[in-house]
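One structure is given here, and the rest of the page talks about it.
The values are calculated or read from the model by the stated rules, or taken from the named source; none is laboratory data. Every value quoted in this text rests on a predicted model; they were computed, and no experiment measured them. For neighbour counting, all protein chains shown are included, and Cβ atoms are generated from backbone atoms with ideal geometry for every residue, glycine included.
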Amino acid sequence: MDEGLIIQTADLKKSFGKFDAVKEITVEVPAGSIYGFVGPNGAGKTTTMRMLTTLTRPTKGQAWVNGYSVTEEPRAVRRSIGYMPDEFGVYDDMRVWEYLDFFAACYDIPEGERKRLINDLLELVDLSHRRDDMVDKLSRGMKQRLSLARTLAHDPAVLILDEPASGLDPRARVEIRELLVTLKDMGKTIFFSSHILADVAEICTHIGIIEAGEMVAQGSMDEMQSQMMPHREIVITVRNPEAAEKVKTLLQDVNGVLDIKDLEPQAGRSRIQINFTGDDEGVEAISQKLSEGGIAVLGFTEETKDLEAMFMRVTKGIVT
């Protein structure tokens with residue numbers, strides 16, 4: 001297993017009869033990261049997570065979590081992870097504190113230590129005021145936070161969460177995202193699956209995109225952005241076509257300018273797109289050159305492409 005990676009797979013595959021749910025994928029999750037595992041429904045996310053958590057044995061390949069092999073050292077893997085499935089389960093006759101006490105006991109935490117642990121976990125997930133409520137009376141968002149608290153009972157190094165924000169209202173999704181960032185700051189590595197791109201873009205340091213059982217893209221958010229958009233796109237808005245021609249004349253020989261093209265006018269104003277390979281100082285130099293050339297610039301913006309554009313590009317082969 002490579003140093004610096006807390007989750008790693010090599011040619012990991014899972015077949016059900018003739019159907020390959022996961023097709024020899026490689027996953028690399030750095031320690032201390034928030035890794036978003038993204039893909040449409042049926043892409044193989046849950047199957048991969050079940051292999052990482054030792055609940056499903058791989059058909060082929062290998063995986064390591066916190067340095068332990070999922071096939072050869074399953075007990076050590078289970079001690080290293082906190083797993084939250086996409087379904088809460090049925091705990092109708094338990095109070096909130098009893099639910100956490102039950103799971104703490106499952107991890108052999110001594111009874112004398114459990115009260116303090118439960119109080120700490122409830123405070124962390126902001127459920128202290130609901131400690132004596134029945135679990136089945138909680139909202140879905142509260143159940144998700146409680147389930148997350150349960151995964152932390154034995155202080156695991158890695159959290160593996162299957163669709164933690166699925167089915168939540170906007171406020172509950174924000175609360176879950178904030179909680180995941182807090183846990184990262186506490187030193188946890190978080191690997192979570194999602195098909196909600198906004199949640200991934202908001203908090204993730206790394207991302208893997210899976211489609212039809214195949215890993216189609218993987219890396220840090222910055223690396224993925226660079227792969228998707230290898231050059232900068234600057235859009236300049238001026239008053240009329242004459243001013244646009246002056247802009248093109250001024251910038252056509254500037255170092256780093258790949259090409260200049262006209263865009264559709266907006267509100268009667270002319271727009272030009274500059275494809276540019278330079279750094280921030282180069283962008284400043286372009287702005288300065290326009291000013292020195294007497295160009296009345298009405299708009300100067302740099303286009304960015306979000307995670308949704310990245311996802312569409314790598315899963316559908318769209319060239320941008």
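Which residue out of Ala267, Ala217, Ala201, Ala212 is of a type in the set (Gly, Ala, Ser) and either outside the structural domain of Asp120 (by TED's automatic domain parsing) or more than 34 Å from the chain's Cα centre (by Cα) (or both)?
Values: Ala217 fails: either outside the structural domain of Asp120 (by TED's automatic domain parsing) or more than 34 Å from the chain's Cα centre (by Cα) (or both); Ala201 fails: either outside the structural domain of Asp120 (by TED's automatic domain parsing) or more than 34 Å from the chain's Cα centre (by Cα) (or both); Ala212 fails: either outside the structural domain of Asp120 (by TED's automatic domain parsing) or more than 34 Å from the chain's Cα centre (by Cα) (or both).
One residue alone meets the criteria, Ala267.
Quick test of your reading of the structure: Leu180 fulfils all but one of (1) farther than 12 Å from Val38 by Cβ; (2) free of Cβ contacts under 8 Å to residues at least 60 places away in the same chain; (3) not assigned by TED's automatic domain parsing to the domain that holds Thr277. Name the failing condition by number.
Condition not satisfied by Leu180: (2).
Filter segment 75-89 down to residues that are outside any helix (DSSP H, G or I) and among the small types (Gly, Ala, Ser) and give me whichever is surrounded by the fewest Cβ atoms within 10 Å (Cβ to Cβ). Steps first, please.
Taking segment 75-89 as the starting set, the residues that turn out to be outside any helix (DSSP H, G or I) are 81-89.
Imposing the further condition that a residue be among the small types (Gly, Ala, Ser) reduces the set to 82, 89.
Working: Gly82: 26, Gly89: 10.
Across segment 75-89, the extreme among qualifying residues is Gly89.
List pairs: first in segment 194-209 and more than 14 Å from Phe311 (Cα to Cα), second buried (at least 17 other Cβ atoms within 10 Å of the Cβ) and polar (S, T, N, Q), Cβ under 7 Å, 6+ apart or cross-chain?
Going by the 7 Å Cβ cut-off, the qualifying pairs are Thr205/Ser33.
What are the residue pairs meeting all of these: first residue in segment 91-115, first residue surrounded by 10 or more Cβ atoms within 10 Å (Cβ to Cβ), second residue assigned to a helix (DSSP H, G or I) and among the small types (Gly, Ala, Ser), Cβ atoms under 8 Å, and 6 or more apart or on different chains?
So the pair list comes out as Leu100/Ala149; Arg114/Ala104; Arg114/Ala105.
Out of the residues in segment 151-177 that are charged (D, E, K, R) and without any contact (Cβ under 8 Å) to a residue 40 or more places away in the chain, which is nearest to Asn66 (Cα to Cα)?
Residues of segment 151-177 charged (D, E, K, R): 155, 162-163, 169, 171, 173, 175, 177.
After this cut, where a residue has to be without any contact (Cβ under 8 Å) to a residue 40 or more places away in the chain as well, the list is 155, 169, 171, 173, 177.
Values: Asp155: 13, Asp169: 33, Arg171: 33, Arg173: 28, Arg177: 23 Å.
Here the residue is Asp155.
Can you confirm whether Ile203 is in contact with a Phe, Trp or Tyr (Cβ under 9 Å, 6 or more places away or on another chain), of a type in the set (A, V, I, L, M, F, W, C) and at negative phi? Can you show your working first?
Details: in contact with a Phe, Trp or Tyr (Cβ under 9 Å, 6 or more places away or on another chain): no; of a type in the set (A, V, I, L, M, F, W, C): yes; at negative phi: yes.
For Ile203, the condition - in contact with a Phe, Trp or Tyr (Cβ under 9 Å, 6 or more places away or on another chain), of a type in the set (A, V, I, L, M, F, W, C) and at negative phi - is not met.
Given the conditions (1) under 27 Å from Leu180 (Cα atoms); (2) assigned to a strand (DSSP E or B); (3) hydrophobic (A, V, I, L, M, F, W, C), which single one is not true for Ala21?
Going through the list (1) under 27 Å from Leu180 (Cα atoms); (2) assigned to a strand (DSSP E or B); (3) hydrophobic (A, V, I, L, M, F, W, C), Ala21 breaks only (1).
Could you tell me whether segment 33-55 includes any residue that is crowded, with 17+ Cβ neighbours inside 10 Å, in contact with a helix residue (DSSP H, G or I) (Cβ under 6 Å, 6 or more places away or on another chain), hydroxyl-bearing (Ser, Thr, Tyr) and closer than 21 Å to Pro164 by Cα? Spell out how you get there, then give the answer.
Start the filter on segment 33-55 by keeping residues that are crowded, with 17+ Cβ neighbours inside 10 Å, which leaves 33-39, 43-54.
Right, trim to in contact with a helix residue (DSSP H, G or I) (Cβ under 6 Å, 6 or more places away or on another chain) and you get 34, 36-39, 54.
Pick out the ones that are also hydroxyl-bearing (Ser, Thr, Tyr) and you get 54.
Filter once more, keeping what is closer than 21 Å to Pro164 by Cα: 54.
Yes.
Suppose the filter is under 30 Å from Val200 (Cβ atoms) and of a type in the set (Lys, Arg); does Arg232 pass it?
On the way: under 30 Å from Val200 (Cβ atoms): yes; of a type in the set (Lys, Arg): yes.
In short, yes.
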